[in-house]
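Asks: Please find one structure pasted underneath; my questions will follow.
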Amino acid sequence: MIVPPHIRSYRLQILLLFIDRHWHIVHDTLKHDVVKALLDLVVFEDVEVQSWVFLNLAAIAYEEGSIPNQISIENERALNASIWDSAWAHAIRKTNVPAICRAACHAGLSILTSFYSKAHRPHLLTSNRVLLEIETFAKDMDVQGPSYPFDSVCMFLSHCLTIASQDVRLYRMHLEDKVLSWFVDSWKIPDSRIQLAPNTTADILLLLKTLCGLSKRLDLIFRPLLPQSYVVDNIIEEKKVRVIRDFLLYAKLPPFIPHSEAHEDPSNVIHHNDAGKGIDSSEQFQNITPRGRERKLSSFFLRTLESHIFDWQNNKDARNHPTAEMARRSLDVAATAIAFESLLLLNGTVSNRQVLQTSAKLITLLTGFLAESHWSIAEKLLVAHSLEIFIIYEEQASDGTFREAFARPGPDSGIKKQALQNLLLNEVIVEDRCSRRRMNFLRLVWQNADVSHYDGSNRRVY
């Protein structure tokens, strides 16, 4: 009996929900059968079915990668290296198929992070196979690559380039130049007047930082706007009490995670004075001339921004009423350009003043449309939300959220004083460091004269 593609997709969606919640209770033999069945469906002609197959493989890789180091012999036989080598090969070979590239990159990233990057289980993914596939995939990027820099595509490429930079032979091939040429040609604003592209400013910046090899990095906070629905409200409420629910229903407590990030490279630490404010980062600038990749990206941003300004000025003169999604896409480009040039400045490289000034001009032009009455409050929020990365510098938890199962240890816990002091100090450093980095970055943006400019009345425009 031939099963229609939409029925297969529906069953794969149910399987994905099962894997997400109950994969840890599945017997090893059944795990093997499920993965083999999914690998057989990879060659199915329907692209929607293939996408759901890769999503299931990504979920399985994530669940298997979270298993502790002491795994049983039976589990090694159930999902061995040959299976994950096959899944990895299928994923990376589908990354250049337009309708499947996003799901394939998501599966490839999940497999890499679960079975290759972790030192305790490198045997589940062959090193030579990974490097060979990355070389084959990246060296032809400028000819044939993913159809668009989606969120998963940017993260997957960034991870692959990081792995390639650790291999001497791949490092000498300069695969970053191939990926850069693909990015410049593929990042086009979609023609749709309604749908937004499935990526964020943070995704694009992650790839650009890897392409340019920036040593000082930071994770900007990007909070997506959630749709108004009962499902979303229930998920939010469920997340707030997840710690309590897992303890009462399943007798589970969140594991203790050592804060190893507190011992990272001291060059990435933002020093601060006794007043708690970051030192003016301009004192750390080296005024390094931009290299070829930085100049190519700046030229690309400049051309794109000028094109957007031309289109929006025509809309304004013709008194057209563009959609909020169109304004949001253009505003994302301007925000990405400002963030990229500011990151260059943070790493001691001279930024392109023309790119910053053109970005500010486009933002000024777009924010003027917020006063238009034909946009609803929700649409205005959608447009303005693009600039949130230049305001938020620390995570803001929702009211009523339980983050910890136990209180922090104190002097009466019985822990040695020195060990207790190091434990609490590391935790404070990790929590404080990210916010200080973001604050230092935001200071660069808001104090830059090329971004904050004035009109004839000496009034601040942006």
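Asks: For labels at Leu30 and Leu381 in the simple 7 Å Cα→Cβ model, what's the distance in nm?
Replies: So the label points at Leu30 and Leu381 sit 4.2 nm apart.
Asks: Magnitude of the Cβ-charge dipole of the stretch 5-188, K/R +1 and D/E -1, about the Cα centre, nearest 20 debye?
Replies: 100 debye
Asks: Report, in listed order, any pair from Lys139/Lys296; Lys188/Lys380; Lys94/Lys361; Lys296/Lys361 with a Cα-Cα distance greater than 29 Å.
Replies: Beyond 29 Å between Cα atoms: Lys94/Lys361.
Asks: Same structure again: Which value, in Å to one decimal place, does the Kirkwood hydrodynamic radius take for the stretch 5-188 when every pair of different Cα atoms is included?
Replies: This gives a value of 16.8 Å.
Asks: Could you tally the net charge around Lys361, taking each other residue with its Cβ under 11 Å from the Cβ of Lys361, Lys/Arg +1 and Asp/Glu -1?
Replies: -2
Asks: Sticking with this structure for a sec: Under 15 Å from the Cβ of Arg8, count the other residues' Cβ atoms, weight Lys and Arg +1, Asp and Glu -1, and hand me the total.
Replies: The answer is -3.
Asks: Now, a different point. Tell me, what is the FRET efficiency for Phe402 and Met439 to the nearest 0.05, using R0 = 30 angstrom and their Cβ-Cβ distance as r?
Replies: It comes to 0.65.
Asks: Can you tell me how much longer the chain between Met173 and Asp40 gets when fully stretched, taken as 0.36 nm per residue apart minus their C-alpha distance, in nm with one decimal?
Replies: Contour length minus Cα-Cα distance gives 44.4 nm.
Asks: Determine the gain in length on full extension of the stretch Arg217-Arg11; use 0.36 nm per residue of separation and subtract their C-alpha separation, reporting nm with one decimal.
Replies: That works out to 70.0 nm of additional length.
Asks: For Ile2 and Thr113, what does the FRET efficiency come to when R0 = 56 Å and r is the distance between their Cβ atoms, rounded to the nearest 0.05?
Replies: After rounding to 0.05, the efficiency reads 0.95.
Asks: To continue, here is another question. Evaluate the relative contact order of the stretch 5-188 (contact order divided by residue number), counting alpha-carbon pairs under 8 angstrom at least 6 apart; express in whole percent.
Replies: This gives 20 percent for the stretch 5-188.
Asks: Indicate the gyration tensor shape class of the stretch 315-396 (rounded, prolate or oblate), computed on the Cα atoms with a ≥ b ≥ c the square roots of the eigenvalues: a/c under 1.5 is rounded; otherwise a/b larger than b/c is prolate and the rest oblate.
Replies: oblate
Asks: What's the exposure ranking of Cys101, Cys434, Cys154, going from fewest to most Cβ atoms within 10 Å?
Replies: Cys434, Cys101, Cys154
Asks: Also: For a paramagnetic label modelled at 7 Å from the Cα of Ala99 toward its Cβ, which residues of the stretch 24-47 fall within the zone defined by backbone nitrogen distances under 17 Å?
Replies: 41-47
Asks: Fewest Cβ neighbours within 10 Å first, please rank Ser152, Ser114 accordingly.
Replies: The most exposed by this proxy come first: Ser114, Ser152.
Asks: In addition: List the residues of the stretch 45-69 whose backbone N lies under 18 Å from a point placed 7 Å from the Cα of Arg21 along the Cα-to-Cβ direction.
Replies: 56, 59-60, 63
Asks: For Lys240, which lysines qualify as cross-link partners when the Cα separation must be under 18 Å and same-chain residues fewer than eight apart are set aside?
Replies: The reachable lysines, counting only those whose Cα sits under 18 Å from Lys240, are Lys252.
Asks: Next up: How much length is gained on full extension from Glu306 to Ser82, taking 0.36 nm per residue of separation minus their Cα-Cα distance?
Replies: Result for the pair: 75.6 nm of gain on full extension.
Asks: Same structure again: Residue by residue, what Karplus-based ³J(HN,Hα) values in Hz, rounded to whole numbers, does the stretch 321-327 have, using 6.51, -1.76 and 1.60 with θ = phi - 60° and x for Gly and Pro?
Replies: 10, x, 7, 5, 5, 5, 5
Asks: Using a 10 Å cut-off around each Cβ, can you sort Ile25, Ile111, Ile163 from fewest to most neighbouring Cβ atoms?
Replies: Ile25, Ile163, Ile111
Asks: OK, next. Simple spin-label model, 7 Å along Cα-to-Cβ: Asp140 to Ser165 in nm?
Replies: Reported label-point gap for Asp140 and Ser165 is 2.6 nm.
Asks: What's the local net charge at Ala339, with K and R +1, D and E -1, over the other residues with C-beta under 15 Å away?
Replies: -1
FYI, it's all coordinate maths here, none of it is from the lab. In this text, all values refer to a predicted model and were calculated from it rather than measured experimentally. FYI the Cβ positions are ideal-geometry reconstructions off the backbone, even for glycines, and counts take in every protein chain you see.
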